[in-house]
Structures are given as C-alpha cells and as structure tokens.
Amino acid sequence: MIAAQTLRVWLPSSRRLSPPPLRPLASKNLKTSTTHDSALVLWTITHIVCYFALPFMLTNERPSCSIIGFGRFGRLLASILMDEFSLVVHDTDRSAMAAAAAQRIRVVDLEQACQAENIFFCVPISTFESILRQARPHLQPNTLVMDTCSVKLHPARLMQQLCPETVELLATHPLFGPDSATAGLAGLRIVFCPLRIAAARLHGWQEFWQRRGVQVITKSPDEHDRLAAYSQGITHLLGRVLGELQLSPSDISTKGFEAILGVIEQTNHDTWQLFHDLQRYNPYTKQMRDDLVKAFNTIVGRLDLRS
C-alpha cells in the first residue's frame with residue numbers, strides 16, 4: 001500500500017482536503033475520564049484516516065508519469081511504474097511504439113508527454129540535450145524532470161541550464177537494467193542526485209523505490225562520476241576489450257574465467273552507443289583509461305619472458 005505521506009506528495013494540491021475540526025467529547029464527571037480519553041483517541045484516528053484517504057476515495061485519478069524513450073530500460077521502468085501511476089510513453093521508433101502497445105501503455109506525442117506530473121527521460125546520453133531542448137517549451141510548472149543516464153555531471157548541467165525554474169529536477173542513475181533485474185528488484189540500487197526538488201517529494205520517490213527493495217544512494221553528480229569511472233566505466237571497457245578476444249568456455253574453465261565470461265556477455269549485450277557515451281561524457285574516464293594502460297604496462301614490464 002502506498003504510504004500516506006508519499007501519496008500527498010504526488011497528489012496535486014487542488015485535490016487535497018483539509019482535515020475536519022476535532023471536537024473533544026465532554027465528560028460528565030471524573031469517573032468517565034478514561035472513556036472520554038479513549039473516545040477522543042478514536043475520534044482523532046478517524047479524522048487522520050479521512051484526511052489522507054478521502055481525496056482518493058473521491059477520485060479514481062492516479063498521479064501521472066511519462067517515459068520519454070521506450071528502449072530496453074524504458075520498458076523495464078514502465079513495468080515498475082504502471083502499478084502506481086497513470087502512465088504514458090513517447091518514442092518515435094516504430095518498434096518502441098509496438099512494445100508499448102503490447103504492454104497496454106498509451107503512446108503520446110512529446111507535448112502530451114510533458115503534461116505529466118513526473119517525467120523520466122530514458123534516452124541515450126548523447127541525445128539527451130537535443131530531446132530536452134525539444135521538451136523544454138512544453139514542461140509544466142511543478143513537473144518533476146528525471147533522467148536515467150549512467151553519467152551525472154553532463155545531464156545535471158543540461159537540466160539546470162535548459163529547464164524552467166518552475167520545474168523540479170532529480171538526476172538519477174539506476175544501477176540495474178533489464179538483465180540484472182530479471183530476478184526482481186530486491187537488493188538492487190539506484191543513485192539519486194537531487195538538483196532542485198522539495199524535500200517531501202524527494203522522500204516520496206525514495207520510498208517508492210525502497211518499497212520495492214531497491215536501495216537509494218544519494219551522491220553529488222561529481223562524486224557519482226568519479227566513482228563510476230572506476231567501477232562501471234572500467235567494467236565496460238574491460239568487457240569490450242576482452243570481447244575482442246572471442247573467448248569461450250572449455251571443460252577446464254575455472255570459476256574465475258567463467259566470471260570473466262559473464263562480464264563480457266553482460267557488457268557486450270548493451271549497445272555500442274551506451275559504451276561510447278559512458279567513456280565520452282564522464283570526465284573522469286580518460287584518466288581511468290590512462291591508469292589502466294599504465295597498470296597493464298607495469299605488470300607486463302615485470303615479466304621477464306627471456307629468462
């Protein structure tokens with residue numbers, strides 16, 4: 001069940017109701033004070049329940065959310081959001097529109113997608129700027145704009161520069177995808193980089209993910225990219241390099257080698273565009289590549305194959 005506080009964050013203010021006034025029950029004498037206290041507690045609880053629940057009893061509307069970009073991750077995100085949100089998607093690709101229809105999700109144009117209270121941009125890092133510029137004129141006041149890019153300094157800067165001041169901003173990086181979420185979301189993680197967002201709304205989204213067993217980690221965009229360069233960035237780089245060797249298992253494969261094959265398979269399953277964007281748009285990956293080459297040469301230099 002959705003937490004009451006979270007619901008109030010997502011519910012437009014026009015649909016919230018003020019709690020009715022509390023009227024304490026008058027006790028006739030001291031002997032009935034206990035009964036009076038119990039009745040007052042029950043009366044208070046009833047009013048609190050009505051305060052939070054009545055708006056949703058009076059309307060069937062759910063908070064709205066749109067996904068712009070319906071690729072592999074966009075489709076996974078839709079399956080996560082659709083239980084709690086009135087969901088629409090926008091994509092110009094025919095296969096993406098067919099996938100949305102298969103999930104019974106309404107496909108809309110970009111202007112309609114920007115009318116939602118919450119917007120997720122699930123687009124490649126290299127195309128984020130152009131799509132955000134197209135969306136900018138249609139963004140509504142109090143809309144929450146979120147990206148899902150694997151780097152954070154670049155999209156955070158774009159959102160702060162291009163989005164109107166009336167729009168709230170939350171940079172996110174889900175540390176999972178369709179492959180790693182096949183067994184469910186429990187135990188997975190997502191990074192939040194709050195840019196311009198009310199505390200209550202931020203808390204609402206934290207609770208949304210935590211209810212699904214996802215750990216929410218808060219970082220600054222700079223801290224995220226520094227760490228990601230030497231974790232996700234180096235993993236994808238090594239996976240692509242080792243993938244060029246066309247390695248395959250054998251009957252004498254060790255567990256360590258099988259783990260390496262798993263890294264190769266996972267990283268090469270992602271698009272080349274994702275790999276390229278990870279290396280290009282994270283300002284710390286060049287230093288990571290230089291450090292990796294230096295470390296490789298150091299180890300090779302220690303090997304004296306002539307003796």
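Any read-out appearing in this document is the output of simple, stated calculations on the displayed coordinates, not a laboratory observation. These numbers come from a predicted model, not from an experiment.
Here are a few things to note about the model shown:
- For the stretch 66-197: rounded, prolate or oblate by the Cα gyration tensor [a/c cutoff 1.5]: oblate
- Within the straight-line cut-off of under 19 Å between alpha carbons, the aspartates and glutamates reachable from LYS294 are ASP304, sequence neighbours fewer than 8 places apart in one chain being disregarded.
- Cross-link partners of LYS255 among aspartates and glutamates (Cα-Cα below 18 Å; sequence separation of 8 or more within a chain): GLU265
- The Cα atoms of the stretch 243-307 give a gyration tensor whose axes a ≥ b ≥ c have a/c of 1.5 or more with a/b no greater than b/c, which makes the shape oblate.
- Computed extension gain for LEU110 through THR235, at 0.36 nm per residue and net of the alpha carbon distance, reaches 41.5 nm.
- The stretch 122-184-the stretch 258-307 distance, computed between alpha-carbon centres (Å): 27 Å
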